[in-house]
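Below is one structure; the comments refer to it alone.
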Amino acid sequence: MVVAAATAGFAAGGSPPATAAPAGDRLGDYLSTQPDPGSFPLVAAGQAAPLVIDAADHLGVVRAVGDLQGDVGRVTGTTPKVLTGAVPAGARQAVLIGTIGHSALIDGLVTAGKLDAGGIAGKWETTLEQVVSQPMPGVDSAFVIAGSDQRGTIYGAYDVSRAMGVSPWNWWDDVPARHHDAVYVLPGRHTQGTPAVKYRGFFVNDENPQTGTWAPNVFGKGTAPGQPSGLNHRYYEKVFELALRLKANYVWPAVWGRAFAEDDPENQATATRYGIVMGTSHEAPMTCGIEEWNRHVVKNAKGDPVGDPYGGNGQWSYRQNQAAVTAYWTKCFTRMFQQKSDMVVTLGMRGNGDTALPDGSGIDLMKSIIAKQRQIIAQVTGQDPSTVPQVWTLYKEVQKYWDEGLRAPDDVTVVFTDDNWGNIRKFPDQALPARGGGYGLYYHFDYVGASRSYKWVDTVNLAGTWEQLHAAHSYGDDRLWVTNVGDLKNEERPLQFFLDYAWNPAAIPASRLGDWERGFAAQNFGPDAAAGVADVLHQYGHLQAIRKPESTNRRFTRTMTGSITTDDTMTPFSIENYDELARVTDAWQRLAQQARQVGRRLPAADQDAYYELVLYEVQATANLYALRQAQFLNRQYAGQGRAATNAYADLANARLADDTAMSNYYNTTLAKGKWKGWQTQTKIGYGDKARYGNNASWSDPPQPDQIYPALQRITVPRTAEMGVAVAGSTSWWPNATSPAVLPALSPYGTAPAPYLEVFNRGTTAFPYRITAAVPWLTVTPASGTVSDQIRATVGVDWSRAPRGTTRVPLTVTGAGRTVQVQAVVDNPAAPAASGFVEAGGYVSMQADHYTNAVGENGVSWLRIPDIGRDGSGMQATPVTAAARTPGGSGPRLEYRMNLTTTGSVTVWTYLAPRNATLPGGTGMRYAVSIDDQPAQTVDAVAATGANDLTMNASWGMNAADAANRTATKFTVTAPGAHTLKFWLVDPTVVVQKLVVDTGGLAISYLGPPESLRSNGGGR
């Protein structure tokens, strides 16, 4: 018997079963709303314990305690006092907050033996929270928040806020505090541990038009004369506070037309006051943003640089303008050093405008640039440059220097990057000696560039991010992690995940991704709503993994010679095969409905936050997919002269109006107008070369969203004229000269039921009838009246259908026309053997639905939930395992399948679109075999020609399609049971799906739906 379809497909990818929120009165690990024996009353009976600090502690600590004071008040309605110096006389309880070595309060407790600091002293950013009995004369108990350093203390204070019910996103997303009448601290020692990654942070980038439009309305303009567009220190106060609440310590400032140090002289002082480590991006060496250089360069009438303030020729060229560029670097670094704040200095150099150097890419040139920069560091600081943290970020073409043998000094952190689409380009070579400066990672959740920008809404599948971060940390990237978050506000969920994982990777294994999602939902909407909100966000991330919204009007095609073409007037999803466009669109509409239902159950106070964090991005993306479906049906119908053509143009325009309405609500009404000007990012008009010229490729379309490709309208005659279309074809009859043939029907089929569409090419309705030549073939509905069009599905009574392959004519009549359609009925003579069953000319299998997972010598297989475009994926573990030669008893996944076809078959393997990250340009090799035939090894990067270093067309296709798809061919000599084997070669490969084409596979984006699996007992 056939037991079931092995999966419900991408549309049903819910999160794992919910885990309970903190039980009863517990608030996280160490707070409660009810007293326990030995607990400390932070707030009880309308009284709040005072917060006591040492005024000589770090400025960042003193400031953060002020935030904690406000947070306690918002949660409980009772605001504690903040006191400096000592616990006031008569106070029986107090909260003591301070940094070891900088707080007399904390040091006194340690000296008196009241507080054991052995677990945190001398560590990096580590916190201890503990209730201490009788900490000093006259005080019964104290809640102590002690930090090993400034940020250790700050993180401890904010951890209390988060545990009480203050979301890190309280300001950025209007998340209300969770009210509690009382809050108690439970006895015991509590710590968040020491972060696994030393420097953790984000890059505010691509911040136009949203931040650039909104921020001046809220915070005012930059203070530098003549620079009104700058982001000032009031803006950065909100950025820095959020970073610390998320336990980040490192920020790259905004760069689009902005200069952090010059826009507002208070910007850097604010970072110092908050305790933030400032860095600069890969294009901004020595703390110098390129915008500041550009502002002061003198240009001629043609716009060419002819001079600069440093006596040079104005060129951003070390070779042509060395003295001036050196003077600029010296000025910038000196300015930063004089702030006496934490910093990480970026080394190297790229061209003006975030491009390759105009001077060429010689190793000697880059070596001299880095040497000069370190000389400046030594001169300004008077110290060995190795005492100043430095990074060299191997972004885009810069990685070539490393690949060709250039090495930065050992103390410099070498930062590897992704390809701007979340696929890391290189991992540290395990065979090389350890570096004193270690390795880091630069990653993207937002991007402007090839093959198309994506910067509108969060499009991150956390499973994919987890897999890449897990691999990066496993290979030794642990010194510095920074991610590009664009405007910041749009990337809340992935940013918090990125930072949580950087803090403690061991706390979030793949099996606990669902727990993290529910925790994120509970943090922002409370424990009762957590499961529902988390499920919506989980499905949202999985659906977004199918394709970025900005690329839903771009189709890639690989020609027979292997070259890639793009068409910005085509949907990537098949309209005719497997009903793919409709299935993806319907999945989004169901999710939007689910999101609305979840939102309706939330209290009024949560509605703004829900719109910002969940509902807008779900509804707006679902609306975009509905727009695209209407748009591309309109264009197809216009070519067929369907009467419905103009109605679908109207439908697409209605969806565009809905998009505008959602943006207007965001910009005018949401949170009482707080986000005026925020929702201004275009996402629909990409590709229109006639309108936008060079901007059409990937730069923002310069006008508000307009539908591209253009909708079409036709003149429909005042007559009745029948046309017929069938699934699997873009032709229509009686216009086409080839026969109309439906996709094959099988008792084991899982694709949507084959259908006919009877449509009107005029405005006068007409009756139609569809007649089958045999009684066991059914058509629903078989008759009726066609105004514009109807869809009729075809089914089979398998208890009456003959064995073997039968072709049954269907006769369609209407409006004086007759069209015959052939239905191919494939009813196997023998019951299906055990395994996935061939039907429709293919066998399709999700990677995690294996028959056997075979490990060897410490290597096993890991299921990564919902990492694929339409299912979960499998990867060898550990990800640092040695590469294997396939065969014998080696690690493999086995898939039992039942074939009715013999002869040549093609195995299509769908992998995550990763890069050749391992030494020697490997990392994407796998092997497949059928039965005992020799395994065929495939290098998936080499096979597709996807060179991420040059960002060629093949790379662009894999990245945009979110899959690397390669083929191998085998010969099957007999029908029946067979075993497909997927062999481990490189451990970094993630397999998503395997499809065996036995001769009937149709072209589609996702590949066919998964086949049914039989237990060998027939159907």
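Brief remarks on what is shown
To keep it simple, each residue is scored yes or no on (1) in contact (Cβ under 8 Å) with a residue 12 or more places away in the chain; (2) assigned to a loop (DSSP other than H, G, I, E, B); (3) surrounded by fewer than 21 Cβ atoms within 10 Å (Cβ to Cβ).
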site	(1), (2), (3)
Asp67	yes, no, yes
Arg74	yes, no, yes
Thr78	yes, yes, yes
Gly108	yes, no, yes
Trp124	yes, yes, yes
Val131	yes, no, no
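- Leading residue by the ranking (farthest from the chain's Cα centre (by Cα)) among those in segment 246-257 that are assigned to a loop (DSSP other than H, G, I, E, B) and closer than 18 Å to Tyr447 by Cα: Gly257
- Any hit, segment 875-891, residues being modelled with pLDDT of 95 or more, in a strand (DSSP E or B) and in contact with a helix residue (DSSP H, G or I) (Cβ under 8 Å, 6 or more places away or on another chain): yes
- Those residues of segment 913-933 which are in a loop (DSSP other than H, G, I, E, B) and either farther than 17 Å from Ala967 by Cβ or of a type in the set (S, T, N, Q) (or both), in sequence order: Arg914, Asn915, Ala916, Thr917, Gly923, Asp931, Asp932, Gln933
- Count of segment 941-988 residues which are within 24 Å of Ala450 (Cβ to Cβ) and of a type outside the set (Val, Ile, Thr): 22
- Residue match in segment 81-96 (condition: assigned by TED's automatic domain parsing to the domain that holds Val52, crowded, with 24+ Cβ neighbours inside 10 Å, small (Gly, Ala, Ser) and in a strand (DSSP E or B)): yes
- Residue within segment 647-656 that is assigned to a helix (DSSP H, G or I), farther than 19 Å from Gln789 by Cα and touching an Asp or Glu at 6+ places or on another chain (Cβ under 9 Å) present: yes
Residue by residue, here is whether (1) aromatic (Phe, Trp, Tyr); (2) surrounded by fewer than 23 Cβ atoms within 10 Å (Cβ to Cβ); (3) assigned to a strand (DSSP E or B); (4) at pLDDT 95 or above holds:
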{"position": "Trp456", "(1), (2), (3), (4)": "yes, no, no, yes"}
{"position": "Thr459", "(1), (2), (3), (4)": "no, no, no, yes"}
{"position": "Glu467", "(1), (2), (3), (4)": "no, no, no, yes"}
{"position": "Thr483", "(1), (2), (3), (4)": "no, no, yes, yes"}
{"position": "Arg493", "(1), (2), (3), (4)": "no, no, no, yes"}
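- Condition met for Arg800 (more than 42 Å from the chain's Cα centre (by Cα), of a type in the set (Lys, Arg) and outside any loop (DSSP other than H, G, I, E, B)): no
- Gly193, sole failed condition from (1) surrounded by 24 or more Cβ atoms within 10 Å (Cβ to Cβ); (2) over 20 Å from Thr79 (Cα atoms): (1)
This table checks each residue for (1) surrounded by fewer than 23 Cβ atoms within 10 Å (Cβ to Cβ); (2) among the polar types (S, T, N, Q).
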{"position": "Pro603", "(1), (2)": "yes, no"}
{"position": "Asp606", "(1), (2)": "yes, no"}
{"position": "Leu615", "(1), (2)": "yes, no"}
{"position": "Val618", "(1), (2)": "no, no"}
{"position": "Asn623", "(1), (2)": "yes, yes"}
{"position": "Arg628", "(1), (2)": "no, no"}
{"position": "Gln636", "(1), (2)": "yes, yes"}
{"position": "Gly639", "(1), (2)": "yes, no"}
{"position": "Asp650", "(1), (2)": "yes, no"}
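Yes/no per residue for (1) outside any loop (DSSP other than H, G, I, E, B); (2) among the small types (Gly, Ala, Ser); (3) surrounded by fewer than 19 Cβ atoms within 10 Å (Cβ to Cβ):
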residue	(1), (2), (3)
Thr763	no, no, yes
Arg769	yes, no, yes
Pro775	no, no, yes
Thr778	yes, no, yes
Gly795	yes, yes, yes
Leu810	yes, no, no
Val824	yes, no, yes
Ala829	no, yes, yes
Val843	yes, no, no
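Table: residues versus (1) touching a helix residue (DSSP H, G or I) at 6+ places or on another chain (Cβ under 6 Å); (2) buried (at least 21 other Cβ atoms within 10 Å of the Cβ); (3) under 26 Å from Ser161 (Cβ atoms).
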| residue | (1), (2), (3) |
| --- | --- |
| Tyr235 | yes, yes, yes |
| Lys238 | no, no, yes |
| Leu244 | yes, yes, yes |
| Tyr250 | no, yes, yes |
| Pro253 | yes, yes, yes |
| Glu266 | yes, no, yes |
| Ala271 | no, yes, yes |
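- Selected residue (only one of Thr944, Thr998, Thr950 is within 30 Å of Pro831 (Cβ to Cβ) and either hydrophobic (A, V, I, L, M, F, W, C) or in the same structural domain as Asp866 (by TED's automatic domain parsing) (or both)): Thr998
- Residues (over 26 Å from Tyr578 (Cα atoms) and either without any contact (Cβ under 8 Å) to a residue 60 or more places away in the chain or acidic (Asp, Glu) (or both)) located in segment 968-1019: Asp986
- In segment 444-454, residue surrounded by the fewest Cβ atoms within 10 Å (Cβ to Cβ) [restricted to those that are touching a strand residue (DSSP E or B) at 6+ places or on another chain (Cβ under 9 Å) and not polar (S, T, N, Q)]: Val448
- Some residue of segment 1002-1010 being under 16 Å from Ile930 (Cβ atoms) and either outside the structural domain of Thr585 (by TED's automatic domain parsing) or within 30 Å of the chain's Cα centre (by Cα) (or both): no
- Looking only at residues in segment 751-761 that are in a strand (DSSP E or B) and of a type outside the set (A, V, I, L, M), the one that is farthest from Ala740 (Cα to Cα) is Asn760.
- As for segment 199-219, it holds at least one residue that is more than 28 Å from Lys683 (Cβ to Cβ) and in contact (Cβ under 8 Å) with a residue 24 or more places away in the chain.
- Of all the numbered requirements in (1) crowded, with 20+ Cβ neighbours inside 10 Å; (2) modelled with pLDDT of 95 or more; (3) over 23 Å from Gln322 (Cα atoms), Gln373 misses one, and that requirement is (3).
- Residues in segment 139-157 that are buried (at least 24 other Cβ atoms within 10 Å of the Cβ) and part of a helix (DSSP H, G or I): Arg151, Gly152, Thr153, Ile154, Tyr155, Gly156, Ala157.
- The listed residue being over 30 Å from Leu656 (Cα atoms), hydrophobic (A, V, I, L, M, F, W, C) and in contact (Cβ under 8 Å) with a residue 60 or more places away in the chain, out of Ala751, Ala725, Ala773, Ala782: Ala751
- Only one entry in Thr561, Thr571, Thr552, Thr565 is within 22 Å of Pro743 (Cβ to Cβ), among the hydroxyl-bearing types (Ser, Thr, Tyr) and either touching a residue at least 60 places away in the same chain (Cβ under 8 Å) or out of contact with any His (no Cβ under 8 Å at 6 or more places or on another chain) (or both), namely Thr571.
- Some residue of segment 326-333 being assigned to a helix (DSSP H, G or I), of a type in the set (Lys, Arg) and more than 27 Å from Ile276 (Cβ to Cβ): no
- Every condition in (1) within 29 Å of the chain's Cα centre (by Cα); (2) under 18 Å from Leu68 (Cβ atoms) holds for His180 except the one numbered (1).
- Filter result for Ala89 (of a type in the set (Gly, Ala, Ser) and out of contact with any strand residue (DSSP E or B) (no Cβ under 9 Å at 6 or more places or on another chain)): yes
The values are calculated or read from the model by the stated rules, or taken from the named source; none is laboratory data. Computed from a predicted model, the values in this text were never measured in an experiment. Backbone-built Cβ (ideal geometry, glycine too); neighbour counts: all protein chains shown.
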